[in-house]
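Just so it is clear, none of the values below were taken in a lab; they were calculated from the coordinates. Quick caveat, the model's predicted, so the values are computed rather than measured. Virtual Cβ from ideal backbone geometry, glycine too; neighbours counted across all protein chains shown.
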Amino acid sequence: MKKFILLFGLFTMFSMSAQDIPDAQLTDLKGNKVSFKEIVKSDKPVIVSFWATWCVPCMNELDAISEVYPDWQDETGVKLIAISQDDDRTARRIIPLVNGKDWDYEIYRDYNFELKRVFNIASIPFMLIIKDGKIVAKRSGYTPGSEDEIYEIIKN
Amino acid sequence: MKKILFFFFLFAIVFTQAQNLGHLSGGYESYAQYYQNDSPTNFTAPNDAFRSMHYLNTSYNYKQFSFGLQYESYLPQAFLGYSPDLKGNGLATYFVKYQKDNLSVTAGYFYEQFGSGLVFRAWEDRQLGINNAIKGIKIKYNFNDLAEITALTGNQRIGFRVSESTIYGANADFNLNKLIQSDKLQLKSGFSYVARYQETTSQNPDLKPVIGNYSSRINLTAGGFYTDFEYVYKNSDARASNNVLLDQVLFDGNAWLWNVGYSQRGLGINATFRRLENIQMYSERLLEGNFYNTGVMNFVPGLTKQHDFSLANIYVYQAQPGISFGEEKVGEIGGQVDMFFTFKRKTALGGRYGTKVALNFSSWHGLNARFDHAKQIYRADFFKPGELYFQDINMEIRKKWTKNLKTVFSFIDVKYNKPKLEFEGEFVHADIVVADFEFKLTGKRSARVELQHLNTKDDMKNWAAGLFEYNFNHHFNVYAGDMYNYGNNDKKIHYFNVGTTYTQSSTRLSLSYGRQRGGLLCVGGVCRYVPSSKGVTASISLTF
């Protein structure tokens, strides 16, 4: 156990230093394989949202952002990448739901949770905010209005 | 322990020497529960009344290499309803992965899914207590996006041990677009073979140690239209029930899955048809039908809407892929239709902010089959459905009224064949209504009120439920809720729950106290039976 505590401390120190963006394979909505590292490459801020069709707070968050998204894009050039954590029970709902909701996001699927494991995410909604190729913030959960805090991060 | 030291050492070297530090991340999740005796539900706290479960994992990526490990503790054992295999602590999984250009090689524990998972899926779901990773070797090679080939072999994780059997398989996914050269049309296909090798002492000479599972798939997208089809076949195998091998008569199995959908901006529709006949696969024959999903090798989810509200989760459907002569069941047939649309803002039905509607219908029947109990054989029709197992017709309307008020209304009509699905009770027909109000208050404060009612003359009769949640800011909230079967004259019970959560960036803490209703807990279409209980629960999760 002691070793783990030590390890834990070391990791925490380590993870506070600047980190590369790790890679994992995702699939787009047509089933093509894409690299996570490639799709988040941008000189503008990138929001990566881990969501699922069955996750109510995820939907609330993405619905709330979709209302202000055109303004955010005009002001910061941000793009939001929504990575679905649906497995094959609900994956067939992704396309109709995204279109039905009229969302303007880039949507990908994390087939069998590969990317979720890379970031060791325990629960969704979960968000990464990337600026200049570095992860500058991680967020878990959603409460009404917390999208304003995301805007504060990407704006600066 | 040697392995841990090895990793530790490795990390340390990389940490000190590397100029480019790569990426390191980790996560920690911990749950603790204290059980209390509860007379209304006849619940007696177990001897180990305090139980906790901990998961620590880390992964490190450096250039072409990645490493990872997961340490699990169940102190002194896992919660009620989890597999008794989960107790004590130990290094649960670890891996080394090498990836360069089109090749990736993983050694150690890995997860994988072929096709929709009907033929093979190894994954982790902590809420369900599922971690059926394979310990062995996996190789993946991508041929210039024309094809991706995967080959794997190993033993499946079962608690802190691995399966007696050896699993091996291969999968090929072909991208036929490159051949058609069309922008409008996308065509893909895939094939899988997964086998389980397990020695047997059976007297039946037809029972082979190698049982193969085969899948073929095709997927077509053209503009807003898309469709996919999968067929799965399983070789003849013995069955098992309550740890007893049933090997006099062997049965093969199959599954058919067909999906079709169309969508454009503001509208989406999707329909799925599925027929299952004896298609559940376990990594050891005797594990068949265990309560904890231990040793499952394939993913056979119930294809119904996963509802979010507590009363809508009393009667939930679990897929019925297996054979039971006693219950005269050999599989299931049915389908599901989903429709999503938006009434645009500034229209009569859309109002100021637009209105979002989701419709869902699902209906599942047994296969229509004739049984010869003496010979222990059956014949099943292909298309003709048998008895109704489950039906759900539901509508959800989401609407924002003002800047500060959002609502969700949900109407659900459910039919649940309890005698066939739970081997007890009566057929249930219930109607559920839910109203959910979310208020944004001044500053960062907000509140949510959830009101639910379930109306039925059957089973536990009428229920009412309510939940109040108050967010002091974006970090801290409290909630209180209750579910009450007020319509039941025999036994009325309040299933209350109060709790609080605190969130700071990616760290979450929660504490709750309440009475848990016994029943199926389903995540991603796979269910686990959770016994009725009462007590205090605390959890923490963080990533670094």
Q) Any idea what the alpha-carbon Rg over 2.2 N^0.38 Å comes to for the range B:161-254? A) 1.52
(Q) Show me, for the range B:249-265, the HN-Hα J-couplings you get by feeding each phi into the Karplus relation (A = 6.51, B = -1.76, C = 1.60, θ = phi - 60°), rounded to Hz, glycine and proline as x. (A) 10, 9, 10, 8, x, 7, 9, 10, 9, 9, 10, 9, x, 9, 8, 9, 4
**Q.** Kirkwood Rh in Å, taken over all unlike Cα pairs in chain B
**A.** 26.1 Å
Q.
I'd like to compare B:184-193, A:56-65: which one has the highest average count of other Cβ atoms within 10 Å, and what's the full order after that?
A. A:56-65, B:184-193
Q | In Hz, Karplus ³J(HN,Hα) per residue of the range B:105-119 (6.51, -1.76, 1.60; θ = phi - 60°; x = Gly, Pro) | A | 10, 10, 10, x, 8, 9, 10, 6, 9, 10, x, 7, x, 4, 8
Q. So what is log10(I(q)/I(0)) for the protein assembly as shown at q = 0.06, 0.11 1/Å, when the Debye sum runs over its Cα atoms only?
A. -0.34, -1.34
Q. Quick one: Karplus J couplings for the range B:452-458, per residue in order, coefficients 6.51, -1.76, 1.60, θ = phi - 60°, nearest Hz, x for Gly and Pro?
A. 9, 9, 10, 10, 7, 8, 9
Q. Is there a pair in B:384/B:461; B:305/B:406; A:101/B:418 whose C-alpha atoms are over 28 Å apart, and which pairs would that be?
A. B:384/B:461; A:101/B:418
Q) Which FRET efficiency value, to the nearest 0.05, is calculated for residue A:136 and residue B:381 with the Förster distance at 60 angstrom and r the Cβ-Cβ distance? A) 0.50
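Calculate how many DSSP beta bridges within the range A:19-155 are antiparallel, expressed in % of all such bridges and rounded to the nearest 5.
Of the beta bridges lying entirely in the range A:19-155, close to 60 percent run antiparallel.
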**Q.** Distance violations [Cα-Cα > 29 Å] among B:100/B:208; A:33/B:63; B:329/B:415; A:131/B:140; A:33/B:344
**A.** B:100/B:208; A:131/B:140; A:33/B:344
Q) If the viscosity is 1.306 mPa s and the temperature 10 °C, what Stokes-Einstein diffusion coefficient in µm²/s follows for the range B:422-544 when Rh is the Kirkwood radius over Cα pairs? A) 95 µm²/s
**Q.** Shielding of B:226-233 by partner chains, average beta-carbon count, 10 Å
**A.** 1
Q. Taking the alpha-carbon set of the range A:19-155, what are its Rg and Dmax in Å?
A. 13.8, 38
Q | Under 5 Å, built H, 5+ apart or other chain: amide partners of residue B:267 | A | A:100
Q | Rel. contact order, % - alpha carbon contacts under 8 angstrom, at least six apart, chain B | A | 10 percent
**Q.** Number of partner chain Cβ atoms within 10 Å, mean per residue of A:24-32
**A.** 4
Q | Alpha carbon convex hull of the range B:359-472, projected area averaged over orientations, nm² | A | 10.4 nm²
Q) Once you average over the residues of B:258-265, how many Cβ atoms of partner chains fall within 10 Å of each Cβ? A) 4
